[in-house]
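Novice: Sharing a structure, written as structure tokens. Questions coming.
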Amino acid sequence: MDWTAEIETAAARIAGHVVVTPVMHSASFGVPVQMKLEQTQHTGSFKARGAFNTLLAGPVPEAGVVAASGGNHGAAVAHAARALGYPAHIFVPEMAGASKIALIERTGAALTVVPGEYADALDMARRYEAERGAMQIHAYDAVGTVAGQGTLMREWEAQGLDADTILIAVGGGGLIGGALAWLQGRRKVVAVEPMTCNALSASVRAGRRVEVPVSGVAANALGSRSVGEICFSLVQQQATPVVEVTDGAIVEAQKALWQAHRQLVEPAGATALAALMSGAYVPARGERVAVLVCGANPAPDPLA
């Protein structure tokens, strides 16, 4: 797979459809850190990149598109489909939470809330795809999705990223997969997972993809039972280190982003920073560190 070409094509394809998100430097978290504020993207997460890339690559059937999501991916697909004039049906689990469900409802997409977790929503979305002929947009394990998410790291480098190491939160692996696909080992990437949603670290330890139970404060965004094949392959190829953080550390990082810089994020959006603040990842002397802040849809919605 020529990931560089895929991501370059994706970047040209989605230009004008997504936000070029800002970066900032901070000395508020114990060590100097550069952050990319991707939570300012359409619908509050990086997911719009993969959604627009997939839809613009076309063709889209008359039945439109279908997606399963913990919330953010569904909102992004619904937004992109509405912007491009396609019908969309989104399946989310009950654990997505009221704020993300309301966000999807505001796009006008058809929405089905499924008992259980993300895997249960995915089962129903696949059934809908088979019955209706709609195009499935996978949340993290499809080339179009991963290439779209890879445009984020391409964009960050173009903005002058000056870090040796980048910390990125992991759920199913679409975001970190895109970053690894673009960087190809030029910089160190550290994967950060909640201890209660640790599909990647469990798979790395096992030497193969395994399923794990999911729970905790970030489960409605990072709660994939298994990590994607694309992500896992790239992690194995590049020997990407993985660290785990507690729910308490995630909440503290979430509070710190608000208190220091008035950045309101959901737990998943603060997970990468939690690794730095809690000591789960300790930079070497002189190591320049960057953190990707990736989601802005806390539950409950504080302004609902």
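The values are calculated or read from the model by the stated rules, or taken from the named source; none is laboratory data. Not measured: the values here are computed from a predicted model. With ideal geometry, Cβ positions are generated from the backbone for all residues, glycine too; neighbour counts draw on all protein chains shown.
Novice: What is the number of the single condition among (1) in contact (Cβ under 8 Å) with a residue 24 or more places away in the chain; (2) of a type in the set (Val, Ile, Thr); (3) assigned to a strand (DSSP E or B) that Thr9 does not meet?
Specialist: (3)
Novice: Somewhere in the stretch 164-185, is a residue at pLDDT 95 or above, more than 21 Å from Glu266 (Cα to Cα) and polar (S, T, N, Q)?
Specialist: Among the residues of the stretch 164-185, at least one is at pLDDT 95 or above, more than 21 Å from Glu266 (Cα to Cα) and polar (S, T, N, Q), which makes the answer yes.
Novice: Mind listing whichever residues of the stretch 22-66 are among the hydroxyl-bearing types (Ser, Thr, Tyr) and under 28 Å from Met135 (Cα atoms)?
Specialist: First pass over the stretch 22-66, keeping only residues among the hydroxyl-bearing types (Ser, Thr, Tyr): 26, 28, 40, 43, 45, 54.
Result: Thr40, Thr43, Ser45, Thr54.
Novice: Out of (1) among the hydroxyl-bearing types (Ser, Thr, Tyr); (2) at pLDDT below 95; (3) farther than 20 Å from Val293 by Cβ, what's the single condition that is false for Tyr86?
Specialist: Unmet condition: (2).
Novice: Follow-up question, since we're still on this one. If you go through the stretch 30-53 one residue at a time, how many are among the β-branched types (Val, Ile, Thr), buried (at least 22 other Cβ atoms within 10 Å of the Cβ) and in a loop (DSSP other than H, G, I, E, B)?
Specialist: 0
Conditions tested, residue by residue: (1) surrounded by fewer than 24 Cβ atoms within 10 Å (Cβ to Cβ); (2) more than 14 Å from the chain's Cα centre (by Cα).
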| residue | (1), (2) |
| --- | --- |
| Gly178 | no, no |
| Trp182 | no, yes |
| Gly185 | yes, yes |
| Ala191 | no, no |
| Met195 | yes, yes |
| Arg209 | yes, yes |
| Val212 | yes, yes |
| Val217 | yes, yes |
| Arg225 | yes, yes |
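Novice: Determine which single condition Glu252 fails, assuming it passes every other condition in (1) of a type in the set (D, E, K, R); (2) in contact (Cβ under 8 Å) with a residue 60 or more places away in the chain; (3) over 30 Å from Asp2 (Cβ atoms).
Specialist: Unmet for Glu252, out of (1) of a type in the set (D, E, K, R); (2) in contact (Cβ under 8 Å) with a residue 60 or more places away in the chain; (3) over 30 Å from Asp2 (Cβ atoms): (2).
Novice: Which condition number in (1) assigned by TED's automatic domain parsing to the domain that holds Tyr118; (2) part of a loop (DSSP other than H, G, I, E, B); (3) over 25 Å from Pro93 (Cβ atoms) is the one that Gly70 fails?
Specialist: If we test Gly70 against (1) assigned by TED's automatic domain parsing to the domain that holds Tyr118; (2) part of a loop (DSSP other than H, G, I, E, B); (3) over 25 Å from Pro93 (Cβ atoms), just (3) comes out false.
Novice: Which of the helices (runs of 4 or more DSSP H) contained wholly in the stretch 211-300 include at least 1 residues that are touching a Cys at 6+ places or on another chain (Cβ under 7 Å)? Working first, answer last.
Specialist: Numbers: elements: 219-222, 229-238, 247-261, 267-278.
So the answer is 219-222, 267-278.
Yes/no matrix, rows are residues, columns are (1) among the hydrophobic types (A, V, I, L, M, F, W, C); (2) touching a Gly at 6+ places or on another chain (Cβ under 7 Å):
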position	(1), (2)
Ala119	yes, no
Asp141	no, yes
Thr145	no, yes
Gln149	no, yes
Trp156	yes, no
Gly160	no, no
Ala163	yes, no
Ala169	yes, no
Gly172	no, yes
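Novice: Please indicate, with yes or no, whether at least one residue in the stretch 132-143 is touching a Lys or Arg at 6+ places or on another chain (Cβ under 9 Å) and outside any helix (DSSP H, G or I). Before the answer, list the steps.
Specialist: In the first step, residues of the stretch 132-143 are kept if they are touching a Lys or Arg at 6+ places or on another chain (Cβ under 9 Å); the result is 136, 139.
Applying the additional criterion that residues be outside any helix (DSSP H, G or I) yields 136, 139.
Within the stretch 132-143 (the criterion being touching a Lys or Arg at 6+ places or on another chain (Cβ under 9 Å) and outside any helix (DSSP H, G or I)), the answer is yes, since at least one residue qualifies.
Novice: Taking the stated definitions as given, is Val214 within 17 Å of Ala280 (Cα to Cα) and β-branched (Val, Ile, Thr)?
Specialist: no
Novice: Filter the stretch 54-68 for residues that are of a type in the set (Gly, Ala, Ser) and surrounded by 24 or more Cβ atoms within 10 Å (Cβ to Cβ); which is farthest from Ile14 (Cα to Cα)? Before you say what the answer is, go through the steps one by one.
Specialist: Taking the stretch 54-68 first, the residues of a type in the set (Gly, Ala, Ser) are 57-58, 63-64, 67-68.
Restricting the remaining residues to those that are surrounded by 24 or more Cβ atoms within 10 Å (Cβ to Cβ) gives 67-68.
Details: Ala67: 19, Ala68: 22 Å.
Looking at the filtered set, the residue picked out is Ala68.
Novice: Kindly provide the set of residues from the stretch 77-103 that are within 21 Å of Arg49 (Cβ to Cβ), outside any strand (DSSP E or B) and of a type outside the set (Lys, Arg), ordered by number.
Specialist: Hits for the stretch 77-103 are Val77, Ala78, His79, Ala80, Ala81, Ala83, Leu84, Gly85, Tyr86, Ala96, Leu103.
Novice: Residue under question is Ala57, and the condition is that it be of a type in the set (Gly, Ala, Ser) and free of Cβ contacts under 8 Å to residues at least 40 places away in the same chain; does it hold? Even if it seems obvious, please write down each step before you answer.
Specialist: Working: of a type in the set (Gly, Ala, Ser): yes; free of Cβ contacts under 8 Å to residues at least 40 places away in the same chain: no.
It is false that Ala57 is of a type in the set (Gly, Ala, Ser) and free of Cβ contacts under 8 Å to residues at least 40 places away in the same chain.
Novice: Quickly run through the stretch 261-304 and pick out the residues that are among the acidic types (Asp, Glu) and closer than 15 Å to Glu193 by Cα. Spell out the reasoning first.
Specialist: Quick first cut of the stretch 261-304, residues among the acidic types (Asp, Glu) only: 266, 287, 301.
Across the stretch 261-304, the qualifying residue is only Glu266.
Novice: Which one is nearest to Val217 (Cα to Cα) among residues in the stretch 148-184 that are in a loop (DSSP other than H, G, I, E, B) and not small (Gly, Ala, Ser)? Give the derivation first.
Specialist: In the first step, residues of the stretch 148-184 are kept if they are in a loop (DSSP other than H, G, I, E, B); the result is 159-164, 170-173, 184.
Within this subset, residues satisfying the condition of being not small (Gly, Ala, Ser) are 159, 161-162, 164, 170, 184.
Working: Gln159: 32, Leu161: 30, Asp162: 31, Asp164: 29, Val170: 14, Gln184: 31 Å.
Going through the qualifying residues, I end up with Val170.
Novice: For Gly116, which of the numbered conditions (1) under 17 Å from Gly228 (Cα atoms); (2) assigned to a loop (DSSP other than H, G, I, E, B); (3) at pLDDT below 95 fails to hold?
Specialist: It is condition (1) that Gly116 fails.
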